[in-house]
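Chemist: Dropping a structure here in structure tokens format, bear with me for questions.
Every number in this text was worked out from the coordinates using simple rules, so none of it is lab data. Remember, predicted model here, so these are calculated numbers, not experimental data. Virtual Cβ from ideal backbone geometry, glycine too; neighbours counted across all protein chains shown.
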């Protein structure tokens, strides 16, 4: 490490560093500190009394247990799903593979809770599945099965269906990255088949595997929308949400927020430590002698395609049912809708909440994306090109939002800024925009940083040598070379903001400021046509986000998957 | 527009690493000046200080009589060729070469002519529309050179420009660079770790070692009259026998060096030998090519051939003297051979061919 002395201090870089740190201090450290203070300090004294309360309250301990089970079960199930899937897709060729692989990513275009609305149509007590079974005389119409297990298993199902692509992408990338010569070496020493996989291939994918697992775990553990749709309040995020009602008087919301934060951070740190100890990337890769991809033939190819089609169909049930719901004129006590209509999409335009919510979301997400792109670009530039004291601090601080769940940031903002001009109860727009921006900053930062790293400094020096000022160099050389990365990161940040759930639900109390996700939630509560209009709005969201992904994919090519793996 | 470049007592430290320590060199107008040394000797740092990418901690950089310490790189009018060429992948050959002219706001018509001319000079006219990734290493290297030359720089800077090329192309390109440099008469500073490259093309060479300049001189100077042991051993692969000075003859500049009980060699001291005195630890350097084929001399030894390697143009031997000292020797065929392992021969070693040097 190069030491710093005052004489050589890069003053400009250091000033920018201080400004950026000021931003994080106000919008990351201060809210967290506020939450900690409210949970641990009573009348100026440190206390653990609220935590004792938490662990003696049977309702809350059950909620904590539920949330942990949801997180762990979801992670384990997605892993069980994804491992054979990734192995199949990376190592074998079969008909329809590229199409089906693309379809596997579709669940990512929708937050789990929107899928939950669709899923309820299919799996509810008198949903499509049970009605089909009743029709086939396989079920007693008087006593249909509750597939959701009171909502709990419904939550896990939807989380698994929605989040497994993240796991799949991580494992597939890790598998594709395994140096073929390492496997060949093992083969030459006599390992093959299952032994080869168990002893060599699988351990080599651990870093990617755990990086994916931690994202899935934190997401499922902290998901707020899905439990709300299933009306299952015995989870930590749902409790936090309900405690925002009495945020001024009830300390337990702060306590639960801290528990959520601690579990997430601890999980992330332990995985990071584990993966860090096993970072294999430093070891040189042998010459890449062709891919280890075998083309399957005959019945094996058919079996592989069928397996993938089944998984895709399963994964798309929530999306398909949301689309069906949005188009259903009549869908009550029947397997499929009996009439189709576009009236709910027409309703969106005139509806006092739905229509404006689309505009709101586009506006908030657009603003937050502008912040993300500028901030991400500047920080990436600083990290990649400048030397200044505090560089490592900036690096870890800017990536922190990966570890801090949305529900934690949202609760922190709501509480910490309640007595400031940023009070969300008066006008939530600034806090919504900033919370989106902070949450999605890692996307643009990572993308831009990768761009800087792929662009040799010499390319910039060559321009300066030929007479281009630093600004000119940035415009003529650096920006064009990393533009695709920056825009792709921005597009992902934008779609992420459009799908943001916890912040939107917690930080936007008034109708006229509702972003789409909150509008979907609120509309779904309406008895008459709620689910239909909510689904129509969900479909609009799917279209926007899918378009974003398409653009990002075009710009970044295959590397888009990397941004979802992330993890730091 | 010929420019003289000078480094005056330049020091540069990175953290605790002293990259340059009190370096002073002057590069004359129109000169092809080579900086050579092992990796980490500071040659690239010196070049980047001249380009303006680093600022010296102390000392000054001068272009003619003007100090340019605080002049940013983009105002120095130097043309630099980078080790990895640094061609911009999003611009084609023409755009790459045009960039420097655009920055200088050269009129478009003039621009076209100058680009054509420079592409002719590097013999790449027909590649103007290509993108860098469609060019071979040697072609990229020519474009990098053209891009630096087209701005008619005051100083041309070359940072290991040939290190990414294969051996044959390297030899071809180095004479190409010298041809162009002489044609355009640009003051040129060229950094390399390859001493044969330096000897082959330089007007003058600066041999550098751990942050300072060991010797500056013509190729013949630094090879035949090295000022210290480092320069002697870095330029070429001479034989080295350690010993102590027995006696010095001030008039002839010769010294007798005791290698061991049975072997005393007479050799020549460097031009400046006032710091040499009896009893000093020194090394005797004998070039591999200066052992065979000498005239009769008073200093001769019996040597046994312990290894012989026929390499077509040349013949390589490992020889053992009666005291056990080992010498490697090279000679051109057919006069050098053939000798086989086990042969004994008499080798003549006139004092003139033995360089007596201190560290």
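Chemist: How many Cβ atoms of partner chains, on average, are near each residue of A:467-474 if near means within 10 Å of its Cβ?
Modeler: Mean partner shielding for this stretch: 5.
Chemist: Would you mind classifying the stretch B:49-203 by shape? Square roots of the alpha carbon gyration tensor eigenvalues, ordered a ≥ b ≥ c; an a/c under 1.5 is rounded, otherwise it is prolate if a/b is larger than b/c and oblate if not. Don't jump to the answer; show the numbers that get you there.
Modeler: Working: a/c = 1.70, a/b = 1.13, b/c = 1.50.
Oblate is the answer for the stretch B:49-203, as a/c is 1.5 or above yet b/c matches or exceeds a/b.
Chemist: Output the relative contact order of chain B, whole-number percent, from Cα pairs under 8 angstrom with separation of 6+ residues. Please list the in-between numbers first.
Modeler: Numbers: 770 pairs, mean separation 56.3, N = 359.
Computed value for chain B: 16 percent relative contact order.
Chemist: Starting from the Cα coordinates of the stretch B:247-359, work out the convex hull volume and express it per residue in Å³. List each step's numbers first, then the result.
Modeler: Details: hull volume 12.7 nm³, N = 113.
Convex hull volume per residue, Cα atoms: 112 Å³.
Chemist: Between the stretch B:121-177 and the stretch B:231-250, what is the separation of their alpha carbon centroids in Å?
Modeler: After rounding, the separation between the Cα centres reads 40 Å.
Chemist: Partner chain Cβ atoms within 10 Å, averaged over the residues of A:447-459 - can you pull that number for me? Kindly include the intermediate steps, with their values, before the conclusion.
Modeler: Details: counts 0, 0, 0, 0, 0, 0, 0, 0, 2, 5, 3, 8, 8.
The per-residue average across the peptide is 2.
Chemist: Let me know the shape class of the stretch B:176-248, please: from the alpha-carbon gyration tensor, a ≥ b ≥ c as square roots of the eigenvalues, rounded when a/c is under 1.5, otherwise prolate if a/b is greater than b/c, or oblate.
Modeler: Taking the square roots of the gyration eigenvalues as a ≥ b ≥ c, the stretch B:176-248 is prolate.
Chemist: List the relative contact order of the stretch A:184-261 as a percent without decimals, with contacts defined as Cα pairs under 8 Å and 6+ residues apart. Numbers along the way, then the final one.
Modeler: Details: 29 pairs, mean separation 12.9, N = 78.
Taking the mean separation of contacting Cα pairs over the length of the stretch A:184-261, I get 16 percent.
Chemist: For the stretch A:459-505, place one equal point scatterer on every Cα, skip the solvent, and apply the Debye formula. What is log10 of I(q)/I(0) at q = 0.20, 0.25, 0.32 Å⁻¹?
Modeler: Summing over Cα pairs of the stretch A:459-505 leads to -0.67, -0.82, -1.02.
Chemist: How would you rank A:155-163, A:133-141, highest first, on the average number of other Cβ atoms within 10 Å across their residues?
Modeler: Listed from highest to lowest mean packing, they are A:155-163, A:133-141.
Chemist: Which whole number gives the average count of other chain Cβ atoms within 10 Å of the Cβ atoms across peptide B:70-81?
Modeler: Going residue by residue through B:70-81 and averaging, the value is 4.
Chemist: For a quick protection proxy, order the peptides A:235-246, B:282-293 by their average other-Cβ count within 10 Å, most packed first. Please list the in-between numbers first.
Modeler: Working: A:235-246: 21.6, B:282-293: 20.1.
My ranking of the peptides, most packed first, is A:235-246, B:282-293.
Chemist: What is the distance in Å between the Cα centroid of the stretch A:140-189 and that of the stretch A:432-479?
Modeler: 36
Chemist: Mind pulling the angle between the C-alpha long axis of helix B:137-149 and the longest principal axis of chain B? Nearest 10 degrees, somewhere in 0 to 90.
Modeler: The two axes meet at around 70 degrees.
Chemist: Using r as the Cβ-Cβ distance of residue A:426 and residue B:75, and R0 as 51 Å, what FRET efficiency do you calculate, to the nearest 0.05?
Modeler: That pair, residue A:426 with residue B:75, gives E of 0.45.
Chemist: Report, in degrees rounded to the nearest 10, the 0 to 90 angle that the Cα long axis of helix B:108-121 makes with the longest principal axis of chain B.
Modeler: So the helix axis and the longest Cα principal axis differ by about 20 degrees.
Chemist: In whole Å, how far is the Cα centre of the stretch B:13-83 from that of the stretch A:42-84?
Modeler: 61
Chemist: Nearest-5 percent of antiparallel DSSP beta bridges in the protein assembly as shown?
Modeler: Close to 75 percent.
Chemist: Looking only at chain B, where both bridge partners belong to it, what percent of the DSSP beta bridges are antiparallel (to the nearest 5)? Walk me through the intermediate numbers first.
Modeler: Values: 60 of 79 bridges.
The antiparallel proportion sits near 75 percent.
Chemist: Quick check on the stretch A:286-405: take the gyration tensor over C-alpha atoms, sort the square-rooted eigenvalues as a ≥ b ≥ c, and tell me if it's rounded (a/c under 1.5), prolate or oblate.
Modeler: oblate
Chemist: Using alpha carbons only, what's the Rg to Rh ratio of the stretch A:363-451 with Rh from Kirkwood?
Modeler: Using only Cα positions, Rg/Rh for the stretch A:363-451 is 1.02.
Chemist: Taking every pair of distinct Cα atoms and averaging 1/r, then inverting, what Kirkwood hydrodynamic radius in Å comes out for chain B?
Modeler: On the way: mean 1/r = 0.0438 Å⁻¹.
Kirkwood hydrodynamic radius for chain B: 22.9 Å.
Chemist: Let me ask another. Among B:51-57, A:76-82, what's the highest-first ranking by average C-beta atoms within 10 angstrom per residue? Could the numbers behind the result be given before it?
Modeler: Working: B:51-57: 18.3, A:76-82: 20.0.
Per-residue mean Cβ counts within 10 Å order the peptides as A:76-82, B:51-57.
Chemist: To continue, here is another question. With no solvent and one equal point scatterer per Cα, compute the Debye intensity ratio I(q)/I(0) for chain A at 0.07, 0.12 Å⁻¹ and report its log10, rounded to two decimals.
Modeler: -0.45, -1.29
Chemist: If you line up the long axis of helix B:167-184 against the longest principal axis of chain B, both from Cα atoms, how many degrees apart are they, to the nearest 10?
Modeler: The two axes meet at around 60 degrees.
Chemist: Would you mind calculating the relative contact order of chain A from Cα pairs under 8 angstrom and at least 6 residues apart, reporting the percent as a whole number?
Modeler: On the way: 795 pairs, mean separation 122.0, N = 568.
Computed value for chain A: 21 percent relative contact order.
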